[in-house]
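Student: Structure provided below as structure tokens; questions to follow.
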Amino acid sequence: DLNDKRNPKRILAWRSAISHVPQSIYLVDGSIEENIAFGIPPEEINYLKLKKVAKTSQAHMFIKNLANGYKTKVGERGIKLSGGQRQRIGIARALYRDSKILILDEATSALDTQTESRVIKEILKYSKSITLIMIAHRTSTLSACDRIISLKDGSI
């Protein structure tokens, strides 16, 4: 019971086990590395992990081709990046947290189908102990899912 009054830390532990990547990614007016390792002081960023999650989210190649690489400033709300680039950074951020449950809520909608397919394939390889919940309109996005629940006209 997540709401057990005798164990109030249970709900906090449950919440900290989840990473959610929405369709619209919030990025701070900082560097790419700060946005991936969101909330981690710069001196504590694990750069090997940062690059690993960027590669998994298919962001590493576009990042390394930027003039300042991972130090590139993204502008207010990531205005200097495309929608797909912002989404890949959001996915990398979620992976950086090492959550046990990853919820992708239309998180790849701005990606072309080939990039989306590579992202999902790499996420599944990234960790076998992760529960992945995907919400998508494109059925091709869900091709790797074990179970698909379809909602139509308010019914399952």
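The values are calculated or read from the model by the stated rules, or taken from the named source; none is laboratory data. Note that the structure is predicted; figures quoted are calculated from it, not measured. Don't worry about glycine lacking a Cβ; one is built from the backbone with ideal geometry, like all the others, and counts go over all protein chains shown. Each accessible area value is taken on the protein alone, full model and side chains, heavy atoms only, with ligands, DNA and RNA left out. Shrake-Rupley method; radii C 1.70, N 1.55, O 1.52, S 1.80 Å.
Student: What are the radius of gyration and Dmax of the stretch 76-156, computed over its Cα atoms and given in Å?
Tutor: 13.4, 40
Student: Moving on to the next point. Straight distance only, please: which lysines reach the Cα of Lys5 with their own Cα at less than 26 Å, same-chain residues fewer than 8 apart left out?
Tutor: Partners found: Lys100.
Student: Averaging sequence separations of C-alpha pairs under 8 Å and six or more residues apart, then dividing by the length of the chain, give the relative contact order as a whole percent. Walk me through the numbers on the way to the answer.
Tutor: Values: 198 pairs, mean separation 43.9, N = 156.
Reported relative contact order: 28 percent.
Student: Further question on the same structure: What is the stretch 64-147's relative contact order, in percent, from Cα pairs under 8 angstrom and six or more apart in sequence? Walk me through the numbers before you get to the answer.
Tutor: On the way: 53 pairs, mean separation 24.1, N = 84.
Once normalised by length, the contact order is 29 percent.
Student: While we're on this one: Using the crude model of +1 on Lys and Arg Cβ and -1 on Asp and Glu Cβ, and no other charge, please compute the dipole size for the stretch 16-156 relative to its Cα centre, in debye to 20. The partial results should precede the final answer.
Tutor: Values: 21 positive and 14 negative charges, 87 e Å.
The calculated dipole for the stretch 16-156 is roughly 420 debye.
Student: Tell me the Kirkwood hydrodynamic radius of the stretch 8-73 in angstroms, computed as one over the mean inverse distance between distinct C-alpha pairs.
Tutor: Details: mean 1/r = 0.0744 Å⁻¹.
For the stretch 8-73, the Kirkwood estimate is 13.4 Å.
Student: Which of the aspartates and glutamates could a cross-linker bridge to Lys80, judged by Cα under 19 Å and excluding same-chain residues fewer than eight apart?
Tutor: Asp29, Glu33, Glu34
Student: Something else about it: For Lys125, go through the aspartates and glutamates and keep the ones whose alpha-carbon is under 14 Å away, minus same-chain ones fewer than eight residues off.
Tutor: Filter leaves Asp98.
Student: How large, in percent, is the carbon and sulfur part of the accessible surface of the stretch 2-156 at a probe radius of 1.4 Å?
Tutor: On the way: 5110 of 9770 Å².
About 52 percent, which is the carbon plus sulfur part of the accessible surface.
Student: Taking Rh as the Kirkwood radius, which is the inverse of the mean 1/r over Cα pairs, what is the Rg/Rh value for the chain?
Tutor: Numbers: Rg = 16.5 Å, Rh = 16.5 Å.
Here the Rg-to-Rh quotient is 1.00.
Student: On to the next question. Between Gly154, Leu27, Leu142, whose Cα lies farthest towards the positive end of the dipole of the stretch 11-156 when Lys and Arg beta carbons carry +1 and Asp and Glu beta carbons carry -1, centred on the Cα centre?
Tutor: The Cα lying farthest towards the positive end belongs to Leu142.
Student: Over 31 Å between Cα atoms: which of Lys9/Lys121; Lys71/Lys121; Lys9/Lys49 fall into that group?
Tutor: Pairs exceeding 31 Å: Lys9/Lys121.
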